[in-house]
Amino acid sequence: MTENLTPAVLVTHHSGWSEIQCNRPDRLNAFSDEMQAGLLAALSHAASDPSCRAVLLTGSGRAFCAGQDLTERDPRRRSGPPRSGQVGA
């Protein structure tokens, strides 16, 4: 069974393990706020599921992850100061 936690993170549950797929192939899976939220939710779910013994983290398209998407960190795009604990703030 595959579920979309966010469009940027897909999770496929298998017997005893889960596959978490970063899904931004158009951006070479560059890490974004949306991807962070989906990845944290997927990992939390896997950690709380006693039947899940392993997690495979992968990326869609031709790249696993090109790094952090810095367009979200552009101060000209912000409506205010960064939140405490924000990735790359």
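No value in this document is a laboratory result; all are computed from the given coordinates. Keep in mind the model is a prediction, meaning the values are calculated, not measured. Here the Cβ is made from the backbone with ideal geometry for all residues, glycine too, and neighbour counts use every protein chain on show.
Restricting attention to the range 2-77, close to 60% of DSSP beta bridges with both partner residues there are antiparallel. Taking the C-alpha atoms only, the angle from helix 33-48 to the longest principal axis of the chain is near 30 degrees. For the range 31-51, backbone nitrogen atoms closer than 18 Å to the point 7 Å from residue 12 Cα along Cα-to-C-beta are found at 39, 42-43, 46.
Each listed q (0.17, 0.19, 0.22 Å⁻¹) maps to a log10 I(q)/I(0) for the chain, found by the Debye formula over equal Cα scatterers with no solvent: -0.74, -0.87, -1.04. Farthest towards the positive end of the charge dipole of the range 2-77, among the residues 30, 42, 56, is the Cα of 30, using unit charges on the Cβ of Lys, Arg, Asp and Glu. Charged side chains reduced to their Cβ positions (Lys and Arg at +1, Asp and Glu at -1) give the chain a dipole of some 300 debye around its Cα centre.
For residue 28, neighbours were defined as the other residues whose beta-carbon sits under 10 Å from its Cβ, and their charges (Lys and Arg +1, Asp and Glu -1) total +1.
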